[in-house]
Amino acid sequence: MKRLFNAIITVIAMTSFILFAGATKEVSFNISGMTCQGCVGKVSGILDNTPGVNNYKVSIEDKNCKISYDAALTNPEAIKTELLKTHFTIGDAIIEKQRSSIFSRIINIFK
């Protein structure tokens, strides 16, 4: 009986996670003015404290950053506003790709 109960709870938890997980999107920004690893650290520090940013890669060689974010918590404009606090020149957002939850896909069927 305990095993069955645990299995039911696990299925409910996994279903909730799959259905209600937010859409993850990726965006990149060109950044002018970065000259050293300290500059990379400055950008990284801002992104570490930006709500909704899940993952990022700042490249001094490519002079850009690629950011993965939760679309339910933030958007490219908000991220750019945070990046402007570094006082570097931040280019317009370049939308990379989007991964949506099953729940989002089901809702889009009925739109």
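The values are calculated or read from the model by the stated rules, or taken from the named source; none is laboratory data. Just so you know, these numbers come straight off a predicted model, no measurement behind them. Cβ atoms come from the backbone with ideal geometry, glycine included; neighbour counts cover every protein chain shown.
The sole residue among Lys57, Lys66 that is among the charged types (D, E, K, R), within 16 Å of Thr24 (Cα to Cα), touching a residue at least 40 places away in the same chain (Cβ under 8 Å) and in a strand (DSSP E or B) is Lys66. For segment 1-40, filtered to residues that are within 25 Å of Lys66 (Cβ to Cβ) and at pLDDT below 75, the residue that is nearest to the chain's Cα centre (by Cα) is Gly22.
Across segment 19-54, the number of residues qualifying as of a type in the set (S, T, N, Q), without any contact (Cβ under 8 Å) to a residue 60 or more places away in the chain and either assigned to a strand (DSSP E or B) or surrounded by 13 or more Cβ atoms within 10 Å (Cβ to Cβ) (or both) comes to 4.
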